[in-house]
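The values are calculated or read from the model by the stated rules, or taken from the named source; none is laboratory data. Owing to the predicted nature of the structure, the values given are computational and were not obtained by experimental measurement. Glycine gets a Cβ as well: all are built from the backbone with ideal geometry, and neighbour counts include every protein chain shown.
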Amino acid sequence: MAKSDGILGISVRHGKLSLATMKGLKIQKTIWEEIPENIVDDYKITSQNLFADFLRDKIKENGIKCKKAAYVIADADVFIKEFTLPSMDDEQLRLNVPFEFRDFIQGDLKDYAFDFVKRNTPKEGEGSEKINILAFAVSAEYLTFIRETMKLAGLKLDVAIPETSVYETILQRLGVEEERLKERCLMDIGNNHISMRIFKNGNYKISHVIDIGEKHIVQAIADDMNVDMHLATTYLRTNYENCLSSEAAIKAYKDISLEVLKGLNFYELSDMSSRLKEVDLCGAGAMIEPLVSLLKERIDKEVHTMQELFPDYGSESNIDVTGGAVGVLFTHANGQENVGHISGGTNENKVNWAIAIPLIVAVIALAGLFGKFGVYDRFVTLDKETRKIKQLEDQLSEQNGQIEALKAVSDEYSHYTWNTLSEEERNRVSRLEVMQLVDFIEKQGANVNYFNLTGSDLLITVNTKNLENVSALMKSLDEQEIVASTSMVSAKTIDEEEKTNSTVDAQIKIYLKTKSQIDEGKEGNEN
């Protein structure tokens, strides 16, 4: 196989630049740096020249001699779609994949580059009549921008690889097959938000964004120590005056942990087939030990940092932050091993479905032959097997009709796979209203330590000052529109140190109304 000597892995994420170099199949060096705010916005390069200068300086400072680059494309810049097609060869797939994006893309398909990977399930053999495809599209203009940026920094862009594919490759490097196939949540704790990516059987499934991040902790430290955000960030990185253990920081950790619990519960409630067993933390937030400890304590699953998952890289690699740059190099190396074919779905030989820059011109030219909607006579010109193509078109039309019939999904589940709930499950109270009820409890002065929804029964554990507060909370809950009744499961007084203060841990069971009961109540009030 060709070696990936002289290739620099580059990732821009959460306002941080991470770099990695590889020799053979061994990572040699990893670096990460905060990028000034006037150069990038999260993952977007806002000033091409300044970023190129910044990148070139960091390459020089760290003695990196690479001339070729592998760049991680943020998920926000990629259209990703999973779908099923009739069994066909790779050449036919390349003709059909662009059309699956015609409802997502504004403008002409010829302005985008496309790629895909076959994702047959273990039950689907080579003779299956259906093929499960994960495909993506990225703007050719964006790729040109990245290529020009690399050129300004003295590099030649070799490949640009979607972030999702990079993380899939990283997880495939887990040694035991049981670990690779486990359903897990990769939780990227960034500056302004937390990205939750769910992987199952080694494949990307769905993602969700939580609107809180490391900046919440920085703001708490800045307010507590009366400094600006930039200095507070430095304090956070160095644990200046033990600020990571301050009361303000601990409160920020608790805020983040609550939002994480909501996100995990929301996913599990939205997908009844979920068997989520593990949460893996990455991003700069995964290096904040007190936050990691609190998440391990509160999340009822196995919780690891990327550094703990891959101890062989050593603590100096900062794999929690540099995982993207490391992963893009391994993904590129996998692609070199598999040139000329695409994996049939086996996890041991996962293909690099990167956007290989030398192939972009050919892919765009091919898509341009079809235009936005494509016509039958162009299929004839390209394939010259009119009867087979007509049959294929009929099959695709039938499948598109089935997809259209499933589009009437409630907005509250729009970012999850949600099309298999029974009538009884659809009649349950909205999960969004359950989250609002949890927020209501917090506003009553009670700390929510845990909650779990089974059917229409919500079991919640809270901590409050005394039993009177618990009683008042239950009375307030009984007055909520979606609550049928409440009952006390248990209550325990917790003595603090030296017994100068005490609090109460209470477990409350809340019986929720169905949507039909809520509607009946509204009609009764109107009458």
Looking at segment 14-53, which of the residues that are farther than 17 Å from VAL321 by Cα and among the hydroxyl-bearing types (Ser, Thr, Tyr) is nearest to the chain's Cα centre (by Cα)? THR46
Those residues that are assigned to a helix (DSSP H, G or I), within 16 Å of ARG197 (Cβ to Cβ) and not hydrophobic (A, V, I, L, M, F, W, C), I need them from segment 262-281; list them, please. GLY263, TYR267, GLU268, SER270
Among the listed residues VAL227, VAL166, which satisfies the condition of being of a type in the set (Val, Ile, Thr) and surrounded by fewer than 23 Cβ atoms within 10 Å (Cβ to Cβ)? VAL227
Of LEU55, LEU93, LEU85, the only residue that is touching a residue at least 40 places away in the same chain (Cβ under 8 Å) and under 20 Å from VAL12 (Cα atoms) is LEU55
Subset of segment 236-247, residues within 28 Å of the chain's Cα centre (by Cα) and surrounded by 15 or more Cβ atoms within 10 Å (Cβ to Cβ), comes to LEU236, LEU244
Are any of the residues in segment 154-167 more than 21 Å from the chain's Cα centre (by Cα), closer than 27 Å to THR30 by Cβ and basic (Lys, Arg)? yes
Check segment 277-298 and report whether any residue there is farther than 30 Å from GLN28 by Cα and among the β-branched types (Val, Ile, Thr). no
Exactly one condition in (1) without any contact (Cβ under 8 Å) to a residue 40 or more places away in the chain; (2) under 30 Å from PRO98 (Cβ atoms); (3) buried (at least 20 other Cβ atoms within 10 Å of the Cβ) is false for ILE39; which is it? (2)
State yes or no: is THR144 exposed (fewer than 15 other Cβ atoms within 10 Å of the Cβ), outside any strand (DSSP E or B) and modelled with pLDDT of 85 or more? yes
Taking the options ALA249, ALA232, ALA222, name whichever one is hydrophobic (A, V, I, L, M, F, W, C) and touching an Asp or Glu at 6+ places or on another chain (Cβ under 7 Å). ALA222
Tell me which of these ARG173 doesn't satisfy, since it passes every other one: (1) within 20 Å of TYR450 (Cα to Cα); (2) surrounded by fewer than 18 Cβ atoms within 10 Å (Cβ to Cβ). (1)
Considering only residues that are under 30 Å from LEU181 (Cβ atoms) and at pLDDT 85 or above, look in segment 95-130 and name the one that is surrounded by the fewest Cβ atoms within 10 Å (Cβ to Cβ). PHE101
If we keep just the residues of segment 424-437 that are in a helix (DSSP H, G or I) and touching a helix residue (DSSP H, G or I) at 6+ places or on another chain (Cβ under 7 Å), which is farthest from LYS515 (Cα to Cα)? MET435
Residue that is in contact with a helix residue (DSSP H, G or I) (Cβ under 6 Å, 6 or more places away or on another chain) and outside the structural domain of LYS254 (by TED's automatic domain parsing), where the choices are THR486, THR461, THR493: THR486
Go through segment 189-237 and give me each residue that's on the phi > 0 side of the Ramachandran plot and in contact (Cβ under 8 Å) with a residue 24 or more places away in the chain. ASN201, GLY202
Looking across segment 466-497 at residues that are more than 36 Å from the chain's Cα centre (by Cα) and part of a loop (DSSP other than H, G, I, E, B), the single one that is surrounded by the most Cβ atoms within 10 Å (Cβ to Cβ) is ASN466
So which residues in segment 260-299 are touching a residue at least 60 places away in the same chain (Cβ under 8 Å) and exposed (fewer than 15 other Cβ atoms within 10 Å of the Cβ), if there are any at all? MET272, SER273, ARG275, LYS277
